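This report refers to the structure that appears directly beneath it.
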Amino acid sequence: MAEPKTKYDRQLRIWGEQGQTALEKASICLLNCGPTGSETLKNLVLGGVGSITVIDGSKVELGDLGNNFMVDESCVGQSKAKCVCTFLQELNDAVKAKFIEEYPEALVDSNPSFFSQFTLVVATQLAEDSMVKLDKICREANVLLIFARSYGLTGFVRNSVKEHAVIESKPDHFLDDLRLNNPWPELKRFAESIDLKVADPVAHKHTPYVVILVKMAEEWAKAHGGALPSTRDEKKEFKELLKAGMVAIDEDNYREAIEASFKVFAPRGISSDLLQIIHDSCSEVDSNSSDFWVMVAALKEFIVNEGGGEAPLEGSIPDMTSSTELYVNLQKIYLAKAEADFLVIQQRVKSILKRIGRDPDSISKTMIKSFCKNARKLKVCRYRLIEDEFSNPAVPEIQKYLTDEEYSVAMGFYILLRAVDRFSANYNSFPGQFEGEMDEDISRLKTAVVGLLNDLGCNGSTVTEDLINEMCRFGASELHAVAAFIGGIASQEVIKLITKQFVPMVGTFIFNGIDQKSQLLAL
């Protein structure tokens, strides 16, 4: 077997050893191993999860051979759970795999405590009543839960967990933490020690843009009563001052300063998102608080006191035109400040832990360091109970989506995916599942949709007849292409939740295969 570092090399570059360790410790339970469930687990097995348990009471039928790559002709008549489990085990022998030949709905009803042994449950192709029951079970046991379903050319994915805190949110775009608009004393002194009017042209073109901007911002503030450029005209004037400082047209450092000048104009202090987190009721910690909220409490104290309204410094600087000596010295100043901020936060964490009666060393140095480095990018995701979403719908949101041309089809599919379960409960089959009953099924599904919309408080709202006809035409089939896509999205969400990296989706993800659109509904 290949060494883990070689085997998982590409993904280690994305979520690191800490993320991979979390995956390798995770125990995943899959409910129903049709194409949607099998494709979800395939991605996780290849990614190196610790163990999987496949729950499915059905046997492999001839129809399964056309949409599930995890079974073949030799499997017909055998336990689907066993065949899929065997195939998945072959993909990665480091993953422990087992199966239970039982229908998930029966297991949810008869043995709810069964699910408490898992890190995360992936529930595929479940009807509404089973979703509601399973959601309550997993929340009480603090087990992560993801629902996924594919149905013809549509499908959905929805995460469900009380609260999910993310330290390493890894946003695509985020402003460098350089503090050009609020430099600390050491950075100011370093900038002051460098002469921007130096006669040596080589030295002039190798002054880092950070130094140029700190000095120019300081000069501007002195001339403008302590204020930095804020209006369009002031920003333009500031850039002109930077241009005037150039002595040659090939000075890349001044070009970089002009391009990065917007970092000087950025507001000081913390973002509204972070402000919301530090003022969350959970930041008032007690002995039952999670490590995350203990660190948030320490961060809150730091911002008010030592931070002077700022979060701890990240400590890294981007590449820039500079002499090696100046760049290294600048790097040391940022690292020293970040380390000093970390030590203050660490001490505050220990004090808080002691105050709430917990071991002061129970939160590791590595964890606190990661928290400090990512303090500006913290995210907290909270999810409604499925039962709450179904019984206490957000009527204004539903109506807005139904009348919005951009979202009406996605919302229509959301309504229809729920309506087909009502149809199935009444007629013991899904619309369009059997030939010769299409017209009658369309009429029945239309009635189910109207009833559901009325129950949701959306009297008078409609779903287009074309969409209802399409839903009947789907005949509850799981098309492999759609199942693979939905499985890919679901497995991606599993990885986010387990590694606690990147921000998981909040809302119901709807895939519209007719128009090739993916949309998130906040319901």
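The values are calculated or read from the model by the stated rules, or taken from the named source; none is laboratory data. The structure displayed is predicted, hence computed values, not measured ones. Reconstructed Cβ throughout: ideal geometry from the backbone, glycine too, with neighbour counts over all protein chains shown. Protein only, heavy atoms only, side chains kept; ligands, DNA and RNA dropped before computing areas. Shrake-Rupley method; radii C 1.70, N 1.55, O 1.52, S 1.80 Å.
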Quiz item: Quick one: accessible area per residue over segment 67-153, 1.4 Å probe, rounded to a whole number of Å²?
Solution: 44
Quiz item: Which one of Leu241, Gly37, Leu385 is farthest out on the positive end of the charge dipole of the chain, using unit charges on Cβ (Lys, Arg +1; Asp, Glu -1) and the Cα centre as origin?
Solution: Leu241
Practice problem: For n ≥ 4 DSSP H runs only, could you compute -39500 (n - 2.57) per run for the chain, divide by its residues and tell me the 222 nm figure to the nearest 500? | Solution: -15500 deg cm²/dmol
Practice problem: Mind scanning Lys42/Lys369; Lys205/Lys369; Lys300/Lys496; Lys235/Lys400 and naming the pairs with a C-alpha gap bigger than 30 Å? | Solution: Lys42/Lys369; Lys205/Lys369; Lys235/Lys400
Exercise. Helix by helix through the chain, keep the DSSP H runs that span 30 Å or more along the axis on Cα and average at least -1.0 on Kyte-Doolittle, and give those back in order.
Key: 324-355
Quiz item: Got a number for the accessible area of Trp15? Probe 1.4 Å, square angstrom, nearest 10.
Solution: 30
Quiz prompt | Correct option for mean projected area of the Cα convex hull in nm² [calculated from the coordinates] among (1) 30.3; (2) 43.5; (3) 26.3 | solution = (1)
Quiz prompt | Overall form of segment 1-124 per C-alpha gyration tensor (a/c, 1.5; a/b vs b/c) | solution = oblate
Practice problem: Measure off, as a whole percent, the carbon and sulfur share of the 1.4 Å-probe accessible area of segment 327-472, all protein chains present. | Solution: 48
Quiz item: How much of Phe371 can a 1.4 Å solvent probe reach, expressed as accessible area in Å² and rounded to 10?
Solution: 0
Quiz prompt | Estimated distance in nm for a label pair at Asp515 and Ala221, the labels positioned 7 Å out from Cα along Cα-to-Cβ | solution = 4.9
Quiz item: Dipole of the chain (Lys/Arg Cβ +1, Asp/Glu Cβ -1, origin at the Cα centre): which of Phe262, Ala297, Phe485 lies farthest to the positive side?
Solution: Ala297
Self-check item: Size of electric dipole in the chain: Cβ of Lys, Arg +1 and of Asp, Glu -1, about Cα centre, debye, nearest 20
Solution: 1800
Exercise. Apply 1/(1 + (r/R0)^6) to the Cβ-Cβ distance of Ala336 and Ser230, taking R0 = 25 Å, and write down the FRET efficiency to the nearest 0.05.
Key: 0.20
Exercise. Quick one: order Ser193, Ser51 from most to least accessible surface, probe 1.4 Å.
Key: Ser193, Ser51
Self-check item: Qualifying aspartates and glutamates (Cα of each under 17 Å from Cα of Lys332; at least 8 residues distant if same chain)
Solution: Asp176, Asp177, Glu186, Glu192, Glu314, Asp319, Asp341
Quiz prompt | Antiparallel bridge percentage (DSSP; both residues within the chain; nearest 5) | solution = 50
Practice problem: Note the full-extension length gain between Arg255 and Glu440 as 0.36 nm times their separation in residues minus their Cα-Cα distance, in nm to one decimal. | Solution: 59.6 nm
Quiz prompt | For Leu521, distant residues with modelled amide H under 5 Å away | solution = Thr508, Phe509, Ile510
Quiz item: Averaged per residue, what accessible area in Å² does segment 363-437 show with a 1.4 Å probe, protein chains only?
Solution: 49
Self-check item: Approximate spin-label separation Thr324-Ser287, in nm, with each point projected 7 Å along Cα-to-Cβ
Solution: 5.7
Quiz item: Ranked by accessible surface with a 1.4 Å probe, highest first, in what order do Glu406, Glu140 come?
Solution: Glu140, Glu406
Quiz item: Dipole of segment 418-523, Cα-centred, from +1 at each Lys and Arg C-beta and -1 at each Asp and Glu C-beta, to the nearest 20 debye?
Solution: 600
Quiz item: Restricting to segment 1-103, what percent of DSSP beta bridges are antiparallel, rounded to 5?
Solution: 10
Self-check item: Solvent-accessible surface (1.4 angstrom probe) belonging to Ile212, in square angstrom, nearest 10
Solution: 0
Quiz prompt | Accessible area (Å², per residue) of segment 213-277, counting only protein heavy atoms and a probe of 1.4 Å | solution = 60
